[in-house]
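Below is one structure, written out as C-alpha coordinates; the observations come after it.
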(Lines give C-alpha, C1' and ligand atoms only; values in the text may rest on other atoms or scores of the structure.)
Protein backbone atom coordinates (compact mmCIF):
# COMPACT_ATOMS: atom_id res chain seq x y z
CA UNK A 1 0.00 0.00 0.00
CA UNK A 2 2.85 2.36 0.94
CA UNK A 3 4.53 1.67 -2.42
CA UNK A 4 1.31 2.30 -4.23
CA UNK A 5 0.86 5.67 -2.50
CA UNK A 6 4.50 6.57 -3.28
CA UNK A 7 3.94 5.72 -6.95
CA UNK A 8 0.84 7.91 -7.07
CA UNK A 9 2.69 10.79 -5.37
CA UNK A 10 5.64 10.43 -7.75
CA UNK A 11 3.30 10.43 -10.74
CA UNK A 12 1.55 13.52 -9.40
CA UNK A 13 4.81 15.36 -8.63
CA UNK A 14 6.21 14.57 -12.05
CA UNK A 15 3.36 16.56 -13.62
CA UNK A 16 4.76 19.76 -12.18
CA UNK A 17 8.35 19.28 -13.25
CA UNK A 18 9.58 21.21 -16.23
CA UNK A 19 9.11 19.26 -19.44
CA UNK A 20 10.90 21.46 -21.93
CA UNK A 21 14.35 20.13 -21.20
CA UNK A 22 14.40 18.01 -24.34
CA UNK A 23 16.26 19.55 -27.24
CA UNK A 24 14.01 21.35 -29.65
CA UNK A 25 13.80 19.53 -32.97
CA UNK A 26 11.47 21.90 -34.80
CA UNK A 27 11.51 25.41 -36.24
CA UNK A 28 8.61 27.82 -36.21
CA UNK A 29 8.26 29.73 -39.46
CA UNK A 30 6.23 32.70 -40.69
CA UNK A 31 5.90 34.48 -44.01
CA UNK A 32 8.94 36.54 -45.03
CA UNK A 33 6.82 39.74 -44.93
CA UNK A 34 5.70 39.19 -41.36
CA UNK A 35 7.18 41.81 -39.02
CA UNK A 36 7.12 39.44 -36.03
CA UNK A 37 10.53 37.87 -35.47
CA UNK A 38 10.23 36.41 -32.00
CA UNK A 39 7.50 34.93 -29.78
CA UNK A 40 7.27 33.41 -26.34
CA UNK A 41 6.09 29.78 -26.05
CA UNK A 42 2.89 30.92 -24.30
CA UNK A 43 2.07 33.31 -27.14
CA UNK A 44 2.75 30.56 -29.69
CA UNK A 45 0.45 28.23 -27.80
CA UNK A 46 -2.34 30.82 -27.86
CA UNK A 47 -1.89 31.22 -31.61
CA UNK A 48 -2.02 27.49 -32.36
CA UNK A 49 -5.08 27.10 -30.09
CA UNK A 50 -6.65 30.07 -31.90
CA UNK A 51 -7.09 31.99 -28.69
CA UNK A 52 -5.23 34.83 -30.36
CA UNK A 53 -6.25 35.21 -33.97
CA UNK A 54 -4.62 38.38 -35.32
CA UNK A 55 -1.04 39.59 -35.72
CA UNK A 56 -0.11 42.99 -34.25
CA UNK A 57 -0.91 44.59 -37.65
CA UNK A 58 -4.47 43.12 -37.45
CA UNK A 59 -3.79 40.54 -40.17
CA UNK A 60 -5.63 37.25 -39.53
CA UNK A 61 -3.31 34.49 -38.31
CA UNK A 62 -3.41 31.22 -40.24
CA UNK A 63 -1.76 28.54 -38.08
CA UNK A 64 -0.82 25.18 -39.59
CA UNK A 65 -0.42 21.84 -37.89
CA UNK A 66 1.30 18.65 -38.92
CA UNK A 67 -0.56 15.30 -38.68
CA UNK A 68 -1.44 14.16 -35.15
CA UNK A 69 0.93 11.17 -35.32
CA UNK A 70 3.88 13.26 -36.53
CA UNK A 71 6.85 13.18 -34.14
CA UNK A 72 7.45 16.89 -34.79
CA UNK A 73 3.88 17.75 -33.80
CA UNK A 74 4.10 15.65 -30.67
CA UNK A 75 7.27 17.50 -29.66
CA UNK A 76 5.77 20.86 -30.54
CA UNK A 77 2.71 20.04 -28.42
CA UNK A 78 4.85 18.93 -25.52
CA UNK A 79 7.22 21.91 -25.66
CA UNK A 80 4.95 24.76 -26.66
CA UNK A 81 1.50 23.79 -25.35
CA UNK A 82 2.92 21.72 -22.49
CA UNK A 83 -0.09 19.46 -22.82
CA UNK A 84 -0.74 15.92 -23.94
CA UNK A 85 -2.06 15.19 -27.42
CA UNK A 86 -5.25 13.89 -25.79
CA UNK A 87 -5.84 17.28 -24.18
CA UNK A 88 -5.31 19.07 -27.49
CA UNK A 89 -7.65 16.67 -29.27
CA UNK A 90 -10.38 17.21 -26.69
CA UNK A 91 -9.89 20.96 -26.88
CA UNK A 92 -10.54 20.96 -30.62
CA UNK A 93 -13.46 18.58 -30.37
CA UNK A 94 -15.10 21.03 -27.94
CA UNK A 95 -14.51 23.95 -30.30
CA UNK A 96 -15.71 22.09 -33.39
CA UNK A 97 -18.99 20.80 -31.99
CA UNK A 98 -19.91 24.05 -30.24
CA UNK A 99 -19.57 25.91 -33.53
CA UNK A 100 -16.85 28.20 -32.26
CA UNK A 101 -13.73 27.41 -34.17
CA UNK A 102 -12.04 24.92 -36.46
CA UNK A 103 -8.58 23.52 -35.70
CA UNK A 104 -5.56 24.72 -37.66
CA UNK A 105 -5.30 23.35 -41.13
CA UNK A 106 -3.39 20.07 -41.07
CA UNK A 107 -0.59 19.72 -43.63
CA UNK A 108 0.91 16.38 -44.55
CA UNK A 109 4.59 17.29 -44.76
CA UNK A 110 7.14 19.97 -43.91
CA UNK A 111 7.23 20.92 -47.58
CA UNK A 112 3.47 21.58 -47.59
CA UNK A 113 3.85 23.81 -44.53
CA UNK A 114 6.73 25.75 -46.07
CA UNK A 115 4.89 26.19 -49.37
CA UNK A 116 1.77 27.49 -47.60
CA UNK A 117 3.73 29.87 -45.35
CA UNK A 118 5.62 31.23 -48.35
CA UNK A 119 2.40 32.10 -50.14
CA UNK A 120 0.18 33.31 -47.25
CA UNK A 121 1.17 36.43 -45.37
CA UNK A 122 -0.67 35.54 -42.15
CA UNK A 123 0.51 31.94 -42.01
CA UNK A 124 2.56 30.37 -39.24
CA UNK A 125 3.72 26.77 -39.01
CA UNK A 126 6.36 24.53 -37.54
CA UNK A 127 8.60 22.08 -39.33
CA UNK A 128 11.39 19.65 -38.53
CA UNK A 129 14.77 21.27 -37.87
CA UNK A 130 16.08 19.27 -40.83
CA UNK A 131 13.63 20.90 -43.26
CA UNK A 132 15.11 22.91 -46.09
CA UNK A 133 13.99 26.47 -45.31
CA UNK A 134 14.07 29.30 -47.82
CA UNK A 135 11.95 32.40 -48.41
CA UNK A 136 10.38 32.15 -44.95
CA UNK A 137 11.31 33.71 -41.60
CA UNK A 138 12.37 31.44 -38.77
CA UNK A 139 10.91 32.77 -35.53
CA UNK A 140 13.12 32.77 -32.51
CA UNK A 141 11.37 31.35 -29.49
CA UNK A 142 11.97 33.55 -26.49
CA UNK A 143 11.87 31.27 -23.45
CA UNK A 144 11.42 34.17 -20.97
CA UNK B 1 -59.06 -13.53 -13.16
CA UNK B 2 -60.00 -11.56 -16.24
CA UNK B 3 -58.07 -8.58 -14.90
CA UNK B 4 -55.03 -10.71 -14.20
CA UNK B 5 -55.11 -12.10 -17.75
CA UNK B 6 -55.59 -8.62 -19.13
CA UNK B 7 -52.64 -7.31 -17.12
CA UNK B 8 -50.58 -10.30 -18.21
CA UNK B 9 -51.48 -9.62 -21.84
CA UNK B 10 -50.62 -5.94 -21.48
CA UNK B 11 -47.34 -6.83 -19.86
CA UNK B 12 -46.48 -9.25 -22.68
CA UNK B 13 -47.57 -6.69 -25.27
CA UNK B 14 -45.35 -4.05 -23.67
CA UNK B 15 -42.38 -6.43 -23.68
CA UNK B 16 -43.11 -7.37 -27.31
CA UNK B 17 -43.34 -3.70 -28.38
CA UNK B 18 -40.21 -2.91 -26.45
CA UNK B 19 -38.31 -5.74 -28.16
CA UNK B 20 -39.65 -4.65 -31.55
CA UNK B 21 -38.51 -1.03 -31.11
CA UNK B 22 -35.27 -2.24 -29.59
CA UNK B 23 -34.50 -4.32 -32.72
CA UNK B 24 -35.36 -1.41 -35.02
CA UNK B 25 -33.17 0.91 -32.97
CA UNK B 26 -30.24 -1.47 -33.09
CA UNK B 27 -30.53 -1.92 -36.87
CA UNK B 28 -30.82 1.84 -37.43
CA UNK B 29 -27.91 2.53 -35.17
CA UNK B 30 -25.73 -0.07 -36.83
CA UNK B 31 -26.45 1.45 -40.24
CA UNK B 32 -25.73 4.97 -38.96
CA UNK B 33 -22.62 3.81 -37.13
CA UNK B 34 -21.22 2.10 -40.24
CA UNK B 35 -22.06 5.19 -42.28
CA UNK B 36 -20.29 7.53 -39.87
CA UNK B 37 -17.30 5.20 -39.61
CA UNK B 38 -16.83 4.81 -43.37
CA UNK B 39 -17.52 8.51 -44.00
CA UNK B 40 -15.08 9.52 -41.31
CA UNK B 41 -12.31 7.31 -42.70
CA UNK B 42 -12.85 8.81 -46.13
CA UNK B 43 -12.75 12.33 -44.72
CA UNK B 44 -9.65 11.70 -42.65
CA UNK B 45 -7.94 10.30 -45.68
CA UNK B 46 -8.79 13.41 -47.68
CA UNK B 47 -8.56 15.93 -44.92
CA UNK B 48 -4.88 16.60 -44.76
CA UNK B 49 -4.36 18.00 -48.20
CA UNK B 50 -7.78 18.98 -49.50
CA UNK B 51 -8.97 21.47 -46.89
CA UNK B 52 -8.79 24.97 -48.23
CA UNK B 53 -10.34 28.25 -47.23
CA UNK B 54 -13.12 27.95 -49.78
CA UNK B 55 -14.13 24.40 -48.84
CA UNK B 56 -16.89 23.33 -46.47
CA UNK B 57 -15.78 21.70 -43.24
CA UNK B 58 -17.93 18.80 -42.13
CA UNK B 59 -17.89 17.07 -38.80
CA UNK B 60 -20.24 14.63 -37.15
CA UNK B 61 -20.69 12.17 -34.36
CA UNK B 62 -22.98 9.32 -33.40
CA UNK B 63 -23.07 7.89 -29.92
CA UNK B 64 -24.98 5.04 -28.33
CA UNK B 65 -25.06 4.22 -24.65
CA UNK B 66 -26.34 1.38 -22.55
CA UNK B 67 -27.50 2.24 -19.04
CA UNK B 68 -28.10 -0.07 -16.10
CA UNK B 69 -29.09 1.23 -12.70
CA UNK B 70 -29.93 -0.14 -9.31
CA UNK B 71 -32.89 1.01 -7.17
CA UNK B 72 -34.16 3.85 -9.39
CA UNK B 73 -34.68 4.57 -13.07
CA UNK B 74 -32.54 7.41 -14.33
CA UNK B 75 -33.01 9.08 -17.73
CA UNK B 76 -34.72 5.95 -19.10
CA UNK B 77 -35.89 2.54 -17.89
CA UNK B 78 -32.42 1.85 -16.66
CA UNK B 79 -33.25 -0.67 -13.94
CA UNK B 80 -33.99 -3.23 -16.64
CA UNK B 81 -31.04 -2.00 -18.69
CA UNK B 82 -31.74 0.36 -21.56
CA UNK B 83 -30.33 1.42 -24.91
CA UNK B 84 -32.56 4.50 -24.97
CA UNK B 85 -29.59 6.85 -25.01
CA UNK B 86 -28.62 7.88 -28.50
CA UNK B 87 -27.09 11.14 -29.72
CA UNK B 88 -25.99 12.24 -33.16
CA UNK B 89 -24.87 15.47 -34.73
CA UNK B 90 -23.66 16.66 -38.09
CA UNK B 91 -22.25 20.09 -38.78
CA UNK B 92 -21.12 22.15 -41.75
CA UNK B 93 -18.97 25.27 -41.61
CA UNK B 94 -18.27 27.42 -44.62
CA UNK B 95 -15.57 30.07 -44.41
CA UNK B 96 -16.73 32.86 -46.72
CA UNK B 97 -13.90 35.26 -45.92
CA UNK B 98 -10.97 35.41 -43.51
CA UNK B 99 -13.24 37.14 -40.99
CA UNK B 100 -16.65 35.70 -41.85
CA UNK B 101 -18.00 32.18 -41.61
CA UNK B 102 -21.38 30.49 -41.43
CA UNK B 103 -22.29 27.10 -40.09
CA UNK B 104 -24.84 24.92 -38.44
CA UNK B 105 -25.21 21.65 -36.61
CA UNK B 106 -28.18 19.32 -36.82
CA UNK B 107 -28.62 17.36 -33.65
CA UNK B 108 -30.85 14.38 -32.88
CA UNK B 109 -31.11 12.50 -29.66
CA UNK B 110 -33.28 10.24 -27.63
CA UNK B 111 -32.60 9.79 -23.95
CA UNK B 112 -35.58 8.05 -22.42
CA UNK B 113 -38.55 10.36 -22.94
CA UNK B 114 -36.35 13.26 -24.04
CA UNK B 115 -35.63 14.21 -27.62
CA UNK B 116 -37.39 11.37 -29.46
CA UNK B 117 -35.05 11.73 -32.47
CA UNK B 118 -36.62 15.06 -33.49
CA UNK B 119 -33.91 16.79 -35.54
CA UNK B 120 -33.20 20.36 -34.57
CA UNK B 121 -30.47 22.87 -35.15
CA UNK B 122 -28.14 22.85 -32.23
CA UNK B 123 -26.46 25.97 -33.52
CA UNK B 124 -26.86 27.89 -36.76
CA UNK B 125 -24.53 30.82 -36.83
CA UNK B 126 -23.09 33.61 -38.91
CA UNK B 127 -19.81 34.65 -37.29
CA UNK B 128 -18.31 38.01 -38.19
CA UNK B 129 -14.85 38.79 -36.83
CA UNK B 130 -14.50 42.56 -36.78
CA UNK B 131 -11.57 43.06 -34.46
CA UNK B 132 -10.03 41.11 -31.64
CA UNK B 133 -11.83 43.17 -28.98
CA UNK B 134 -15.28 43.10 -30.61
CA UNK B 135 -16.86 40.57 -32.96
CA UNK B 136 -20.37 39.26 -33.58
CA UNK B 137 -22.34 36.07 -33.94
CA UNK B 138 -25.92 36.02 -35.26
CA UNK B 139 -28.43 33.20 -35.24
CA UNK B 140 -28.68 30.27 -32.86
CA UNK B 141 -25.63 30.28 -30.64
CA UNK B 142 -24.57 27.93 -27.90
CA UNK B 143 -24.88 29.59 -24.50
CA UNK B 144 -21.55 30.20 -22.73
CA UNK B 145 -22.51 29.08 -19.23
CA UNK B 146 -19.52 27.81 -17.28
CA UNK B 147 -16.79 25.92 -19.10
CA UNK B 148 -18.77 23.09 -20.63
CA UNK B 149 -22.34 24.13 -21.38
CA UNK B 150 -21.51 24.70 -25.02
CA UNK B 151 -20.17 21.18 -25.44
CA UNK B 152 -22.89 19.36 -23.52
CA UNK B 153 -24.31 17.81 -26.67
CA UNK B 154 -21.16 16.19 -27.99
CA UNK B 155 -19.20 13.98 -25.64
CA UNK B 156 -16.32 13.76 -28.14
CA UNK B 157 -14.46 16.52 -26.30
CA UNK B 158 -14.54 15.03 -22.81
CA UNK B 159 -13.84 11.85 -20.93
CA UNK B 160 -17.12 11.49 -19.04
CA UNK B 161 -20.39 10.34 -20.61
CA UNK B 162 -22.44 12.66 -18.42
CA UNK B 163 -21.23 16.09 -17.44
CA UNK B 164 -21.90 16.77 -13.75
CA UNK B 165 -25.68 16.82 -13.85
CA UNK B 166 -26.02 19.22 -10.97
CA UNK B 167 -24.58 22.01 -13.16
CA UNK B 168 -25.34 20.74 -16.68
CA UNK B 169 -28.64 18.86 -16.38
CA UNK B 170 -29.72 17.03 -19.52
CA UNK B 171 -33.38 17.50 -18.63
CA UNK B 172 -32.98 21.30 -18.79
CA UNK B 173 -31.19 21.36 -22.13
CA UNK B 174 -33.99 23.47 -23.67
CA UNK B 175 -33.17 26.62 -21.79
CA UNK B 176 -29.49 26.03 -21.23
CA UNK B 177 -28.03 25.01 -24.54
CA UNK B 178 -28.63 27.67 -27.19
CA UNK B 179 -30.25 31.04 -27.71
CA UNK B 180 -31.63 32.65 -30.88
CA UNK B 181 -30.30 36.17 -31.17
CA UNK B 182 -27.02 37.96 -31.22
CA UNK B 183 -23.74 37.51 -29.38
CA UNK B 184 -20.88 39.96 -28.92
CA UNK B 185 -17.49 38.56 -28.07
CA UNK B 186 -13.94 39.74 -27.75
CA UNK B 187 -10.54 39.19 -26.29
CA UNK B 188 -8.17 41.53 -24.44
CA UNK B 189 -4.51 40.59 -24.13
CA UNK B 190 -3.07 41.68 -20.80
CA UNK B 191 0.56 40.65 -21.33
CA UNK B 192 2.01 38.54 -18.57
CA UNK B 193 -1.27 38.37 -16.56
CA UNK B 194 -2.82 36.52 -19.49
CA UNK B 195 -5.97 37.51 -21.32
CA UNK B 196 -9.62 38.24 -20.71
CA UNK B 197 -12.38 36.99 -22.95
CA UNK B 198 -15.94 38.23 -22.77
CA UNK B 199 -19.17 36.93 -24.31
CA UNK B 200 -22.47 38.84 -24.15
CA UNK B 201 -25.71 37.63 -25.71
CA UNK B 202 -29.40 38.41 -25.94
CA UNK B 203 -32.42 37.00 -27.73
CA UNK B 204 -34.94 34.26 -27.10
CA UNK B 205 -34.95 30.50 -26.63
CA UNK B 206 -36.25 27.79 -28.88
CA UNK B 207 -38.39 25.68 -26.58
CA UNK B 208 -39.61 22.14 -27.20
CA UNK B 209 -43.18 21.78 -25.84
CA UNK B 210 -42.80 18.06 -25.25
CA UNK B 211 -40.13 18.82 -22.67
CA UNK B 212 -42.61 20.49 -20.33
CA UNK B 213 -45.71 18.35 -20.98
CA UNK B 214 -46.53 15.23 -19.01
CA UNK B 215 -49.44 12.82 -18.63
CA UNK B 216 -51.16 15.12 -16.13
CA UNK B 217 -50.22 18.54 -17.55
CA UNK B 218 -50.71 19.63 -21.16
CA UNK B 219 -48.71 22.66 -22.22
CA UNK B 220 -50.33 24.34 -25.20
CA UNK B 221 -48.04 27.33 -25.67
CA UNK B 222 -44.64 28.47 -24.56
CA UNK B 223 -43.01 31.81 -25.03
CA UNK B 224 -39.64 33.13 -23.94
CA UNK B 225 -39.88 36.93 -24.14
CA UNK B 226 -36.20 37.38 -23.39
CA UNK B 227 -32.94 35.72 -22.54
CA UNK B 228 -29.70 37.56 -21.94
CA UNK B 229 -26.45 36.87 -20.22
CA UNK B 230 -22.74 36.65 -20.54
CA UNK B 231 -19.49 35.13 -19.44
CA UNK B 232 -16.26 36.80 -18.40
CA UNK B 233 -13.24 34.51 -18.56
CA UNK B 234 -9.69 35.13 -17.47
CA UNK B 235 -6.90 32.81 -18.57
CA UNK B 236 -3.26 32.87 -17.52
CA UNK B 237 -0.67 33.29 -20.24
CA UNK B 238 0.29 29.63 -20.41
CA UNK B 239 -3.41 28.57 -20.22
CA UNK B 240 -2.65 26.69 -17.01
CA UNK B 241 -5.23 28.53 -14.96
CA UNK B 242 -8.55 29.91 -16.01
CA UNK B 243 -11.49 31.31 -14.13
CA UNK B 244 -14.89 32.46 -15.28
CA UNK B 245 -18.09 34.07 -14.08
CA UNK B 246 -21.27 33.34 -16.03
CA UNK B 247 -24.78 34.67 -15.69
CA UNK B 248 -28.03 34.16 -17.51
CA UNK B 249 -31.50 35.61 -17.10
CA UNK B 250 -34.69 34.63 -18.92
CA UNK B 251 -38.43 34.26 -18.52
CA UNK B 252 -40.51 31.30 -19.62
CA UNK B 253 -44.27 31.84 -20.12
CA UNK B 254 -46.48 28.74 -20.31
CA UNK B 255 -50.15 28.17 -21.10
CA UNK B 256 -51.08 24.87 -19.55
CA UNK B 257 -54.12 22.73 -18.86
CA UNK B 258 -54.41 20.72 -15.70
CA UNK B 259 -57.58 18.85 -14.71
CA UNK B 260 -59.44 20.59 -17.56
CA UNK B 261 -58.56 24.11 -16.39
CA UNK B 262 -56.32 26.28 -18.57
CA UNK B 263 -54.05 28.80 -16.90
CA UNK B 264 -50.82 30.58 -17.57
CA UNK B 265 -47.64 30.76 -15.59
CA UNK B 266 -44.54 32.94 -15.79
CA UNK B 267 -41.21 31.54 -14.71
CA UNK B 268 -38.51 34.21 -14.50
CA UNK B 269 -35.08 32.75 -13.77
CA UNK B 270 -31.57 33.95 -13.10
CA UNK B 271 -28.62 31.59 -13.15
CA UNK B 272 -25.10 32.35 -11.93
CA UNK B 273 -22.02 30.17 -12.07
CA UNK B 274 -18.39 30.58 -11.01
CA UNK B 275 -15.75 28.34 -12.57
CA UNK B 276 -12.07 27.57 -12.02
CA UNK B 277 -9.82 25.17 -13.92
CA UNK B 278 -6.18 24.32 -13.45
CA UNK B 279 -4.22 22.38 -16.05
CA UNK B 280 -0.89 20.71 -15.59
CA UNK B 281 0.82 18.75 -18.33
CA UNK B 282 -1.39 15.73 -17.74
CA UNK B 283 -4.02 16.65 -15.16
CA UNK B 284 -7.05 18.87 -15.45
CA UNK B 285 -8.67 20.02 -12.19
CA UNK B 286 -12.03 21.72 -12.49
CA UNK B 287 -14.46 23.18 -9.98
CA UNK B 288 -17.70 25.03 -10.61
CA UNK B 289 -20.33 26.36 -8.25
CA UNK B 290 -23.56 28.17 -9.01
CA UNK B 291 -26.96 29.23 -7.81
CA UNK B 292 -30.22 29.32 -9.73
CA UNK B 293 -33.07 31.61 -8.74
CA UNK B 294 -36.43 30.61 -10.23
CA UNK B 295 -39.63 32.52 -9.54
CA UNK B 296 -43.19 31.64 -10.54
CA UNK B 297 -46.34 33.65 -10.98
CA UNK B 298 -49.55 31.95 -12.03
CA UNK B 299 -53.09 32.96 -12.94
CA UNK B 300 -54.25 29.85 -11.10
CA UNK B 301 -54.65 29.59 -7.36
CA UNK B 302 -53.32 26.02 -7.55
CA UNK B 303 -49.79 27.40 -7.78
CA UNK B 304 -49.19 30.33 -5.42
CA UNK B 305 -46.53 32.86 -6.45
CA UNK B 306 -43.12 32.26 -5.01
CA UNK B 307 -39.50 31.59 -5.76
CA UNK B 308 -36.82 29.08 -4.97
CA UNK B 309 -33.03 29.22 -4.96
CA UNK B 310 -31.06 26.08 -5.65
CA UNK B 311 -27.32 25.62 -5.49
CA UNK B 312 -25.09 23.23 -7.35
CA UNK B 313 -21.46 22.49 -7.95
CA UNK B 314 -18.80 19.91 -8.58
CA UNK B 315 -15.08 19.21 -8.45
CA UNK B 316 -13.45 17.05 -11.10
CA UNK B 317 -10.06 15.60 -12.03
CA UNK B 318 -9.12 14.14 -15.43
CA UNK B 319 -5.82 12.48 -16.20
CA UNK B 320 -4.57 12.91 -19.79
CA UNK B 321 -1.15 11.32 -19.41
CA UNK B 322 -1.86 7.90 -20.88
CA UNK B 323 -2.07 7.54 -24.62
CA UNK B 324 -5.63 6.73 -25.73
CA UNK B 325 -6.98 6.37 -22.19
CA UNK B 326 -8.43 9.17 -20.05
CA UNK B 327 -9.64 8.26 -16.58
CA UNK B 328 -11.37 10.75 -14.32
CA UNK B 329 -13.54 11.29 -11.31
CA UNK B 330 -15.93 13.96 -10.12
CA UNK B 331 -18.08 14.73 -7.14
CA UNK B 332 -21.21 16.75 -7.84
CA UNK B 333 -23.77 18.12 -5.44
CA UNK B 334 -27.20 19.68 -5.85
CA UNK B 335 -29.62 21.24 -3.36
CA UNK B 336 -32.98 22.03 -4.93
CA UNK B 337 -33.81 24.59 -2.25
CA UNK B 338 -30.98 26.14 -0.27
CA UNK B 339 -33.32 27.06 2.60
CA UNK B 340 -34.03 23.35 3.02
CA UNK B 341 -30.92 21.66 1.69
CA UNK B 342 -31.21 18.21 3.20
CA UNK B 343 -34.91 17.51 2.85
CA UNK B 344 -35.56 14.04 1.29
CA UNK B 345 -35.93 14.43 -2.48
CA UNK B 346 -34.28 17.84 -2.40
CA UNK B 347 -30.60 16.97 -2.71
CA UNK B 348 -28.26 14.84 -4.74
CA UNK B 349 -24.67 13.75 -4.16
CA UNK B 350 -23.05 12.10 -7.14
CA UNK B 351 -19.62 10.43 -7.22
CA UNK B 352 -18.75 9.51 -10.79
CA UNK B 353 -15.74 7.53 -11.96
CA UNK B 354 -15.13 7.06 -15.64
CA UNK B 355 -12.63 6.07 -18.26
CA UNK B 356 -12.49 6.86 -21.96
CA UNK B 357 -10.63 4.59 -24.36
CA UNK B 358 -9.88 5.83 -27.89
CA UNK B 359 -9.98 2.71 -30.03
CA UNK B 360 -9.09 4.58 -33.22
CA UNK B 361 -8.69 8.27 -33.95
CA UNK B 362 -12.41 8.56 -34.65
CA UNK B 363 -13.97 5.97 -32.40
CA UNK B 364 -13.97 5.71 -28.62
CA UNK B 365 -15.67 3.77 -25.85
CA UNK B 366 -16.48 4.93 -22.31
CA UNK B 367 -17.32 3.20 -19.06
CA UNK B 368 -18.78 5.24 -16.22
CA UNK B 369 -20.30 4.51 -12.84
CA UNK B 370 -22.21 6.91 -10.61
CA UNK B 371 -22.69 6.24 -6.95
CA UNK B 372 -25.63 8.37 -5.86
CA UNK B 373 -26.99 9.60 -2.58
CA UNK B 374 -30.23 11.56 -2.92
CA UNK B 375 -33.02 11.64 -5.47
CA UNK B 376 -33.14 15.23 -6.76
CA UNK B 377 -31.87 14.16 -10.22
CA UNK B 378 -34.69 11.68 -10.66
CA UNK B 379 -37.86 11.96 -12.71
CA UNK B 380 -40.98 10.62 -10.93
CA UNK B 381 -42.72 9.83 -14.26
CA UNK B 382 -40.26 7.02 -14.96
CA UNK B 383 -40.26 5.88 -11.34
CA UNK B 384 -43.92 4.81 -10.99
CA UNK B 385 -44.92 8.43 -10.29
CA UNK B 386 -43.55 8.18 -6.78
CA UNK B 387 -42.61 11.40 -5.00
CA UNK B 388 -38.86 12.01 -5.01
CA UNK B 389 -38.86 11.81 -1.21
CA UNK B 390 -40.31 8.29 -1.43
CA UNK B 391 -37.61 6.92 -3.73
CA UNK B 392 -34.57 5.05 -2.42
CA UNK B 393 -31.87 7.68 -1.84
CA UNK B 394 -28.98 5.25 -2.32
CA UNK B 395 -28.73 4.17 -5.90
CA UNK B 396 -26.26 3.88 -8.73
CA UNK B 397 -26.01 3.78 -12.48
CA UNK B 398 -23.55 2.24 -14.92
CA UNK B 399 -23.16 3.72 -18.39
CA UNK B 400 -21.37 2.12 -21.32
CA UNK B 401 -21.07 4.33 -24.35
CA UNK B 402 -19.47 4.18 -27.75
CA UNK B 403 -19.16 7.10 -30.15
CA UNK B 404 -17.86 7.41 -33.69
CA UNK B 405 -16.97 10.86 -35.00
CA UNK B 406 -15.13 12.72 -37.69
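Would you mind telling me which numbered condition in (1) at pLDDT below 90; (2) within 22 Å of residue B:113 (Cα to Cα) residue B:321 fails? Unmet for residue B:321, out of (1) at pLDDT below 90; (2) within 22 Å of residue B:113 (Cα to Cα): (2). Among the residues of segment B:75-85, those identified as under 20 Å from the mean Cα position of the chain (by Cα) and more than 29 Å from residue A:99 (Cβ to Cβ) are B:77, B:78, B:82.
Looking across segment B:126-161 at every residue that is crowded, with 22+ Cβ neighbours inside 10 Å and more than 14 Å from the chain's Cα centre (by Cα), the one that is farthest from residue B:186 (Cα to Cα) is identified as B:159. Summed over segment B:156-175, residues that are within 22 Å of residue B:206 (Cα to Cα) and touching a residue at least 60 places away in the same chain (Cβ under 8 Å) total 6. On inspection, residue B:160 does not qualify as farther than 28 Å from residue B:325 by Cα and out of contact with any helix residue (DSSP H, G or I) (no Cβ under 6 Å at 6 or more places or on another chain). The criterion of being within 14 Å of chain A (Cβ to nearest Cβ), at pLDDT below 85 and more than 19 Å from the chain's Cα centre (by Cα) holds for residue B:238.
For segment B:373-387, the tally of residues that are in a strand (DSSP E or B) and either outside the structural domain of residue B:341 (by TED's automatic domain parsing) or surrounded by 16 or more Cβ atoms within 10 Å (Cβ to Cβ) (or both) stands at 1. Annotation: residue B:91 fulfils all but one of (1) at the interface with another protein chain (Cβ under 9 Å from one of its Cβ atoms); (2) closer than 30 Å to residue B:369 by Cα; the unmet one is (2).
Where strands (runs of 3 or more DSSP E) sit wholly within segment B:76-158, those with at least 1 residues that are closer than 29 Å to residue B:394 by Cα and touching a strand residue (DSSP E or B) at 6+ places or on another chain (Cβ under 6 Å) occupy B:85-97, B:100-111. List the number of the failed condition for residue A:143; all other conditions in (1) closer than 19 Å to residue A:27 by Cβ; (2) buried (at least 20 other Cβ atoms within 10 Å of the Cβ) hold. With (1) closer than 19 Å to residue A:27 by Cβ; (2) buried (at least 20 other Cβ atoms within 10 Å of the Cβ) applied to residue A:143, the lone miss is (2). Annotation: of all residues in segment A:32-46 being surrounded by fewer than 22 Cβ atoms within 10 Å (Cβ to Cβ) and in contact with a strand residue (DSSP E or B) (Cβ under 8 Å, 6 or more places away or on another chain), the one that is nearest to residue A:136 (Cα to Cα) is A:32.
The values are calculated or read from the model by the stated rules, or taken from the named source; none is laboratory data. Computed from a predicted model, the values in this text were never measured in an experiment. FYI the Cβ positions are ideal-geometry reconstructions off the backbone, even for glycines, and counts take in every protein chain you see.
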